[in-house]
Every structure is written in C-alpha cells, then in structure tokens.
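Here's the structure, in structure tokens; my notes come after.
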Amino acid sequence: MSEPVLNKICKADENGDVYYYTSHEKLPVQVREAEEDDIESIVNLKNEAFSTHNECNYQWILSNWNRPEQKCSRWYVITYNREDGQESQVIGFIFWRIRAGFEVRLTVELDQIAVDKTYRRQGFAKTLIRRSLIKFQEFIQTNFSSFKPQIGFVFVITGERNPAQELYRKSLGLEYKGKIGAIFGASGEKIIMANEHIEQFLENSHHIQY
Ligand SMILES: CC(C)(COP(=O)(O)OP(=O)(O)OC[C@H]1O[C@@H](n2cnc3c(N)ncnc32)[C@H](O)[C@@H]1OP(=O)(O)O)[C@@H](O)C(=O)NCCC(=O)NCCS
C-alpha cells in the first residue's frame, strides 16, 4: 500500500496521543524501542543524514545495540500506523546514552537523531525526542530499581551551523553552553547545548503538547 498524502503534522489530542494528519485521516504515531529488524532502516537513515562511512555506521550501531546487557543507552524509532493498520516504515531514530557515570541525578546525552528527508519539518523529531526521553527514563528506572535514578541533565553536541539547534531549544529547552571545537574528525566546529533541569519537563510530561 502506498504511503498517504500528508498535509502535516504530528499533533497531540487532549489525551496526549499523537497523530499524523493526512488530507483525509488521522493516523496514530508511535515511538517505540528499536528492534533488531529496524537496524537496516536506522543504518539507511544514518547514511543519508550523516557523511560518515556506511560500513562504519553499521558497525557503530551494532556495537551500541539494544542488547539485554546494554542498560546505559537505548535506540528508539518513530513510525505511524498506515490506513490499513500496518506500521509504516521507520520515519526517524534517536540514540540516548547515560553519561558521567552513575548518580541518582543522571546526565544523559542525546547522541544522535535523524528523520527521513521526505518527512522533515512535520514535527516527527520533536515528538521523537520528547517521547523517547520519557521512555528512556522509564527504562532506566526499571533497570536500576534499587536507587531509581532521575534524568536531571540533558546535553547534545551539535554542529555550530546545524539548524537542529532550534529543534533542541524547542523540544527540551536546551541552551547554548559553549563552543568545543572540531572534536569529531573533519566534520567542523561543534557546540554544546544543555538543560540542567530536565526533571521539570519529565514531571510535567503528561501535559506536554507533542
Ligand atoms: C534535525 C532533524 C532531525 C529535524 O527533524 P524534523 O522532523 O524535521 O524536525 P521537526 O519537524 O520536529 O522540527 C521541530 C522544530 O525544530 C526546528 N527545526 C527543525 N529542523 C530545522 C531546520 N532544518 N531549520 C530550522 N529549524 C528547524 C523548527 O523550529 C521546527 O518547528 P517548525 O517546523 O514548526 O518551524 C532532521 O533535519 C535531520 O534528520 N537532519 C539530519 C541529521 C542531523 O543533523 N541530526 C542532528 C545531529 S546533531
């Protein structure tokens, strides 16, 4: 079945459920943990979005994959249900990881995100970031139940000229903290953006409009 003609956009209803509005229907959007079958889609999205070597992308994803023993990082994907009820292709992925060791108040890095070119500027990344962070916190609390850590600090390292900066501001209130130079090979000058008080977002997440 062909993909629907899309008007816009991921929007939440009064219950906080998110829908993708097409010209004649609203299709439920979901953010879920990535599964083995999604690796190929993630590799393809990553190849398209970033200029690193394809084989390196594949190896890097595999070495950080959602294995049972891997509890400090997670991959999530965003999809929607098509008109026939089947899940769409993977529209975007995100990779979160715990940084700075274990503390009750955790520091988490938004390590990587990409959305399919044909679906950009329709709200998918914003929904993906917010929903997956809530899921990552749930995951962490389930897996480290003895001390129930809370995500308190979120940061991202991005290109000095990457327009995604606006996305990070809008979705999680991350702010520019400083320039850190060309730390990822030849891909240009980087900056760091952070929000030191993300608890507020997580506590109010049921009121958040996606
Ligand atoms: C960055 C990226 C993930 C954004 O995905 P997206 O689904 O298009 O983002 P959204 O539609 O959720 O954007 C939400 C808001 O963020 C801002 N934003 C997102 N992309 C933007 C862009 N290219 N230019 C300016 N603002 C942008 C806008 O304010 C946007 O709201 P608006 O469309 O109502 O103006 C996507 O462009 C991408 O995959 N880029 C290549 C990979 C990449 O650079 N990843 C980040 C590495 S640090």
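The values are calculated or read from the model by the stated rules, or taken from the named source; none is laboratory data. All values reported here derive from a predicted model rather than from experimental measurement. A quick note on method: Cβ atoms are made from the backbone with ideal geometry, for glycine too, and the neighbour counts reach across all protein chains shown. Remember, those area values only see protein heavy atoms, side chains included, never the ligands or the DNA or RNA. Shrake-Rupley method; radii C 1.70, N 1.55, O 1.52, S 1.80 Å.
Can you run down the residue pairs with Cβ atoms below 7 Å, 6 or more apart or on separate chains, where the first is in the range 32-57 and more than 23 Å from residue 187 (Cα to Cα) and the partner is within 16 Å of the ligand (Cβ to nearest atom) and part of a helix (DSSP H, G or I)?
34/42; 39/61
So, of the residues in the range 96-124 that are within 6 Å of the ligand (Cβ to nearest atom) and among the hydrophobic types (A, V, I, L, M, F, W, C), which turns out to be farthest from residue 51 (Cα to Cα)?
Let us first name the residues in the range 96-124 that are within 6 Å of the ligand (Cβ to nearest atom), namely 113-115, 120-124.
Within this subset, residues satisfying the condition of being among the hydrophobic types (A, V, I, L, M, F, W, C) are 113-115, 124.
Working: 113: 14, 114: 12, 115: 15, 124: 22 Å.
Filtering first and then ranking leaves 124.
Under 7 Å between Cβ atoms, at least 6 apart or on separate chains: pull out the pairs that start in the range 112-126 with a residue that is part of a helix (DSSP H, G or I) and end on any residue that is small (Gly, Ala, Ser).
124/92; 125/92; 126/171
Residue 151 passes all but one of (1) open to solvent by 10 Å² or more (accessible area, probe 1.4 Å); (2) not in a helix (DSSP H, G or I); which number fails?
(1)
Considering each residue of the range 84-101, count those that are touching an Asp or Glu at 6+ places or on another chain (Cβ under 6 Å) and touching a residue at least 40 places away in the same chain (Cβ under 8 Å), and give that number.
First, pick out the residues of the range 84-101 that are touching an Asp or Glu at 6+ places or on another chain (Cβ under 6 Å): 90-91, 95, 97, 99.
Narrowing the set further to residues that are touching a residue at least 40 places away in the same chain (Cβ under 8 Å) leaves 90, 99.
Total satisfying the criteria: 2.
Which count do you get for residues in the range 154-167 that are assigned to a helix (DSSP H, G or I) and either touching a residue at least 40 places away in the same chain (Cβ under 8 Å) or touching a Cys at 6+ places or on another chain (Cβ under 6 Å) (or both)?
The number of residues fulfilling the criteria is 2.
Of everything in the range 71-102 that's basic (Lys, Arg) and within 30 Å of residue 149 (Cα to Cα), which residue is most open to solvent (accessible area, probe 1.4 Å)?
Restricting to residues being basic (Lys, Arg) and within 30 Å of residue 149 (Cα to Cα), the top hit is 99.
Out of the residues in the range 42-69 that are among the small types (Gly, Ala, Ser) and assigned to a helix (DSSP H, G or I), which is nearest to the chain's Cα centre (by Cα)?
The first filter runs over the range 42-69 and keeps only residues among the small types (Gly, Ala, Ser), leaving 49, 51, 63.
Cutting the leftovers down to assigned to a helix (DSSP H, G or I) gives us 49, 63.
Numbers: 49: 14, 63: 18 Å.
So the residue we want is 49.
Does residue 51 satisfy the criteria of being open to solvent by 30 Å² or more (accessible area, probe 1.4 Å) and of a type in the set (Ser, Thr, Tyr)?
Values: open to solvent by 30 Å² or more (accessible area, probe 1.4 Å): yes; of a type in the set (Ser, Thr, Tyr): yes.
Here the answer is yes, as residue 51 does meet what is asked.
Considering every residue within the range 127-141, establish whether at least one is in contact (Cβ under 8 Å) with a residue 40 or more places away in the chain, among the aromatic types (Phe, Trp, Tyr), surrounded by 21 or more Cβ atoms within 10 Å (Cβ to Cβ) and in a helix (DSSP H, G or I).
yes
Just to be sure, is residue 200 open to solvent by 60 Å² or more (accessible area, probe 1.4 Å), in contact with an Asp or Glu (Cβ under 7 Å, 6 or more places away or on another chain) and within 30 Å of residue 28 (Cβ to Cβ)? Full working, then the answer.
Numbers: open to solvent by 60 Å² or more (accessible area, probe 1.4 Å): yes; in contact with an Asp or Glu (Cβ under 7 Å, 6 or more places away or on another chain): no; within 30 Å of residue 28 (Cβ to Cβ): yes.
Considered against the rule, which asks whether it is open to solvent by 60 Å² or more (accessible area, probe 1.4 Å), in contact with an Asp or Glu (Cβ under 7 Å, 6 or more places away or on another chain) and within 30 Å of residue 28 (Cβ to Cβ), residue 200 comes out as no.
Has the range 67-89 got any residue that is away from the ligand (no atom under 16 Å from the Cβ), of a type in the set (Phe, Trp, Tyr) and out of contact with any helix residue (DSSP H, G or I) (no Cβ under 7 Å at 6 or more places or on another chain)?
The answer is no; no qualifying residue exists.
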